[in-house]
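Reading through the structure tokens given below for one structure.
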There are 2 protein chains.
Amino acid sequence: MAYNVMSATCPSRVVLHRIGARWTVFVVNALAEGPMRFSDLRTRIQGITPKVLTETLRSMEADGLLTRTAYAENPPRVEYDLTELGLSLLGPLRAVREWAEAHVPEILAARDRS
Amino acid sequence: MAYNVMSATCPSRVVLHRIGARWTVFVVNALAEGPMRFSDLRTRIQGITPKVLTETLRSMEADGLLTRTAYAENPPRVEYDLTELGLSLLGPLRAVREWAEAHVPEILAARDRS
DNA sequence: GTGCCCGGTATCAAAACCATACCGTGATCA
DNA sequence: TGATCACGGTATGGTTTTGATACCGGGCAC
């Protein structure tokens with residue numbers, strides 16, 4: 001009821017700040033294909049460092065966006081999977097991803113002009 | 001063709017990086033209501049500092065997402081307005097905003113549990 | 001000629017992010 | 001039995017973004 005991100009003190013600000021973290025959009029889009037292991041994510045999301053991936057996953061887990069399941073095997077196996085909440089975020093974040101992929105030429109052209 | 005944000009060197013990465021900047025989502029959602037002056041934006045987007053607002057606006061202007069029109073009046077008047085490209089970004093970014101406003105209780109509850 | 005309005009800058013501090021190297025645990029293999 | 005490997009991370013140190021606070025320049029009204 002009546003949450004508004006334009007208000008500095010509204011809790012939705014915190015939420016937006018979290019889902020706006022640089023790598024959340026990558027993780028959500030990657031896990032859209034199904035559960036993945038840490039190394040799968042690292043391979044799929046090229047260029048992410050293990051430290052930042054760990055931090056992103058831990059934060060998303062704390063926010064209830066995904067689950068982390070560690071199996072007592074060796075070598076270790078850890079699986080990450082979107083929760084229902086995380087899945088509900090996929091709609092918006094897939095749209096953002098698709099927008100980025102669809103508008104590369106326009107953005108690059110605008111940058112060149114300026 | 002075939003842009004893919006998961007590839008570290010794909011230009012769509014740069015685009016996603018830009019539109020994922022912390023305040024872009026606020027500016028686009030604010031300007032959805034129509035053109036605004038600098039001080040209007042500052043008032044509407046509570047808590048943004050003038051420095052960061054300026055940087056965000058300059059970057060978005062360079063990317064062709066909005067236009068900046070300065071009138072030779074005094075006191076000065078500067079209007080910002082979404083371009084067609086910026087308007088096309090409103091769909092995705094409004095969805096993100098609405099998701100944040102809609103899921104505050106779940107996120108806060110998950111944080112409390114952990 | 002003093003003070004106000006507007007659209008910003010300047011300066012410095014904190015937080016987020018990144019590159020690179022390294023670690024602990026068992027299983028596997030020579 | 002001792003060296004090696006896979007996996008899921010940490011440690012360390014530097015750069016980039018973001019933030020808080022203060023200040024500025026130019027007209028115009030008084």
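The values are calculated or read from the model by the stated rules, or taken from the named source; none is laboratory data. On a predicted model such as this, the values are computed, not experimentally measured, just so you know. For neighbour counting, all protein chains shown are included, and Cβ atoms are generated from backbone atoms with ideal geometry for every residue, glycine included. Surface accessibility is based on the protein's heavy atoms, side chains included, excluding ligands, DNA and RNA. Shrake-Rupley method; radii C 1.70, N 1.55, O 1.52, S 1.80 Å.
Within the stretch A:82-94, is there a residue that is closer than 15 Å to A:Leu31 by Cβ and in contact with a Lys or Arg (Cβ under 8 Å, 6 or more places away or on another chain)?
Scanning the stretch A:82-94, I find no residue that is closer than 15 Å to A:Leu31 by Cβ and in contact with a Lys or Arg (Cβ under 8 Å, 6 or more places away or on another chain), so the answer is no.
Can you say whether B:Ala100 is closer than 25 Å to A:Val14 by Cα, within 12 Å of another protein chain (Cβ to nearest Cβ) and at pLDDT 95 or above, as far as the supplied structure shows?
The answer is yes for B:Ala100.
Taking the condition over 14 Å from the mean Cα position of the chain (by Cα) and either open to solvent by less than 70 Å² (accessible area, probe 1.4 Å) or on the phi < 0 side of the Ramachandran plot (or both), does B:Pro92 pass?
Considered against the rule, which asks whether it is over 14 Å from the mean Cα position of the chain (by Cα) and either open to solvent by less than 70 Å² (accessible area, probe 1.4 Å) or on the phi < 0 side of the Ramachandran plot (or both), B:Pro92 comes out as no.
Select, from A:Leu93, A:Leu108, the only residue that is under 30 Å from B:Gly64 (Cα atoms), touching a residue at least 24 places away in the same chain (Cβ under 8 Å) and either in contact with a Gly (Cβ under 9 Å, 6 or more places away or on another chain) or away from DNA strand D (no atom under 16 Å from the Cβ) (or both).
After applying the criteria, what remains is A:Leu93.
Picking from B:Arg13, B:Arg18, B:Arg22, B:Arg44, which residue would you name as being open to solvent by 60 Å² or more (accessible area, probe 1.4 Å) and within 20 Å of A:Asp112 (Cβ to Cβ)?
B:Arg18
Could you please find all residues in the stretch B:30-39 being of a type outside the set (Gly, Ala, Ser), open to solvent by 10 Å² or more (accessible area, probe 1.4 Å) and touching a residue at least 40 places away in the same chain (Cβ under 8 Å)?
B:Pro35, B:Met36, B:Arg37, B:Phe38
Cβ-Cβ below 8 Å, separation at least six or inter-chain, first residue in the stretch A:63-77 and aromatic (Phe, Trp, Tyr), second within 11 Å of DNA strand D (Cβ to nearest atom) and open to solvent by less than 90 Å² (accessible area, probe 1.4 Å): which pairs?
Close Cβ pairs satisfying both conditions: A:Tyr71/A:Arg77; A:Tyr71/A:Val78; A:Tyr71/A:Glu79.
Can you confirm whether the stretch A:68-76 contains a residue that is within 13 Å of chain B (Cβ to nearest Cβ) and within 16 Å of DNA strand D (Cβ to nearest atom)?
Yes, there is a match, as at least one residue in the stretch A:68-76 is within 13 Å of chain B (Cβ to nearest Cβ) and within 16 Å of DNA strand D (Cβ to nearest atom).
Got at least one residue in the stretch B:44-64 being within 9 Å of the chain's Cα centre (by Cα), facing chain A (nearest Cβ under 7 Å) and not aliphatic (A, V, I, L, M)?
Within the stretch B:44-64, none of the residues are within 9 Å of the chain's Cα centre (by Cα), facing chain A (nearest Cβ under 7 Å) and not aliphatic (A, V, I, L, M).
Given the conditions (1) in contact with a Ser or Thr (Cβ under 7 Å, 6 or more places away or on another chain); (2) in contact (Cβ under 8 Å) with a residue 40 or more places away in the chain, which single one is not true for A:Gly86?
Going through the list (1) in contact with a Ser or Thr (Cβ under 7 Å, 6 or more places away or on another chain); (2) in contact (Cβ under 8 Å) with a residue 40 or more places away in the chain, A:Gly86 breaks only (1).
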